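Colleague: Below you'll find the structure I mean.
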Amino acid sequence: MKNTLAAILYTGLVALANPALADLSKAEAMRDGDMKKLTFHSTPQPAGTAEFTTFEGDPMSLDQYKGKWVLLNFWATWCAPCRKEMPMLSELQTEFGGADFDVVTIATGRNPPPAMTTFFDEIGVENLPLHRDPKSGLAREMSVLGLPITVILNPEGQEVARMRGDADWASDNAKDILRTILGRDTAG
């Protein structure tokens, strides 16, 4: 009882100080099933600054996504769990993608471009970017150990949550968590 009251008071104080952090606290409390692996940070953490590339080889950085929430997924063509979860990430992009949210996928390490397109073709994903981090510079900077790793970035470009391993990102629980983070109605 005492811990519950303390948590309620803390959440209330967080809401007064920073409503966006309150939504993260609420989202964190909603975790169930696979989403229990999603770890929210007590304070936003710096995200990587290393450049990665578009599929065509043009340089990019995470700064290009500032101003919107980003679900950033590190994957590889040889990663079986990545193959399993990528269609679910595609579903999130279809349902939530837009002015305030994007799913961003980055193949890290040695992933030949033909293998990347074959990977997406075989699983029917057409709406996610085929970004590349061939020398794993961004992945190393962001302490990506093992794949897949999914990171949630706030509109300021800071890491607010991280998941190691695959998950059912198309689950009702995952979608409710995202609706809460994005400040959208969780009833529909």
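Colleague: Within the set of pairs 6+ apart or on separate chains, which have a first residue in the range 50-69 that is within 10 Å of Gly157 (Cβ to Cβ), a second that is part of a loop (DSSP other than H, G, I, E, B) and open to solvent by 40 Å² or more (accessible area, probe 1.4 Å), and C-beta atoms under 6 Å apart?
Modeller: Ser61/Glu51; Lys68/Asp100
Colleague: Looking only at the range 157-188, which residues are modelled with pLDDT of 95 or more, out of contact with any Pro (no Cβ under 7 Å at 6 or more places or on another chain) and not in a helix (DSSP H, G or I)?
Modeller: Matches in the range 157-188: Gly157, Ala161, Arg162, Met163, Arg164, Ala167, Asp168, Trp169, Ala170, Ser171.
Colleague: Right, another one. Exactly one condition in (1) at pLDDT below 95; (2) under 17 Å from Leu128 (Cα atoms) is not met by Gly97; state its number.
Modeller: Of everything listed in (1) at pLDDT below 95; (2) under 17 Å from Leu128 (Cα atoms), Gly97 misses just condition (1).
Colleague: Considering Leu71, Leu92, Leu38, Leu24, which residue is buried (at least 19 other Cβ atoms within 10 Å of the Cβ), more than 14 Å from Ala167 (Cα to Cα), of a type in the set (A, V, I, L, M, F, W, C) and under 17 Å from the mean Cα position of the chain (by Cα)?
Modeller: On the way: Leu71 fails: more than 14 Å from Ala167 (Cα to Cα); Leu92 fails: more than 14 Å from Ala167 (Cα to Cα); Leu38 fails: more than 14 Å from Ala167 (Cα to Cα).
The unique qualifying residue is Leu24.
Colleague: Okay, moving on. Specify which of the listed residues (Asp168, Asp185, Asp121) is free of Cβ contacts under 8 Å to residues at least 12 places away in the same chain, closer than 28 Å to Ser42 by Cβ and open to solvent by 10 Å² or more (accessible area, probe 1.4 Å). Spell out how you get there, then give the answer.
Modeller: Working: Asp168 fails: free of Cβ contacts under 8 Å to residues at least 12 places away in the same chain; Asp121 fails: closer than 28 Å to Ser42 by Cβ.
After applying the criteria, what remains is Asp185.
Colleague: Taking the range 46-68 as the search range and keeping residues that are in a helix (DSSP H, G or I) and closer than 13 Å to His131 by Cβ, which one is most open to solvent (accessible area, probe 1.4 Å)? Explain how you work it out, then say what you get.
Modeller: Restricting attention to the range 46-68, the residues satisfying the condition of being in a helix (DSSP H, G or I) are 62-65.
Imposing the further condition that a residue be closer than 13 Å to His131 by Cβ reduces the set to 62, 64-65.
On the way: Leu62: 13, Gln64: 114, Tyr65: 36 Å².
Residue satisfying both the conditions and the ranking: Gln64.
Colleague: Another question about this same structure. Under the condition of being of a type in the set (Gly, Ala, Ser) and open to solvent by less than 40 Å² (accessible area, probe 1.4 Å), which residue from the range 95-111 is nearest to the chain's Cα centre (by Cα)? Step through it out loud before you land on a result.
Modeller: Taking the range 95-111 and keeping what is of a type in the set (Gly, Ala, Ser), we get 97-99, 107, 109.
Retained after the next criterion (residues that are open to solvent by less than 40 Å² (accessible area, probe 1.4 Å)): 97-98, 107, 109.
Numbers: Gly97: 12, Gly98: 15, Ala107: 14, Gly109: 19 Å.
Among those that are of a type in the set (Gly, Ala, Ser) and open to solvent by less than 40 Å² (accessible area, probe 1.4 Å), it is Gly97.
Colleague: Since Pro148 meets every condition but one in (1) in contact (Cβ under 8 Å) with a residue 60 or more places away in the chain; (2) open to solvent by less than 60 Å² (accessible area, probe 1.4 Å); (3) closer than 19 Å to Asp63 by Cα, which condition does it not meet?
Modeller: Here Pro148 clears every test but (3).
Colleague: Another question about this same structure. Ala139 versus (1) at pLDDT 95 or above; (2) in a loop (DSSP other than H, G, I, E, B): which is the lone unmet condition?
Modeller: Unmet for Ala139, out of (1) at pLDDT 95 or above; (2) in a loop (DSSP other than H, G, I, E, B): (2).
The values are calculated or read from the model by the stated rules, or taken from the named source; none is laboratory data. From a predicted model like this one, the values you see are computed outputs, not experimental measurements. When we count neighbours, we look across all protein chains shown, and the Cβ atoms used for this are built from the backbone with ideal geometry, even at glycine. All accessible areas refer to the heavy atoms of the entire protein, side chains included, with ligands and DNA or RNA removed. Shrake-Rupley method; radii C 1.70, N 1.55, O 1.52, S 1.80 Å.
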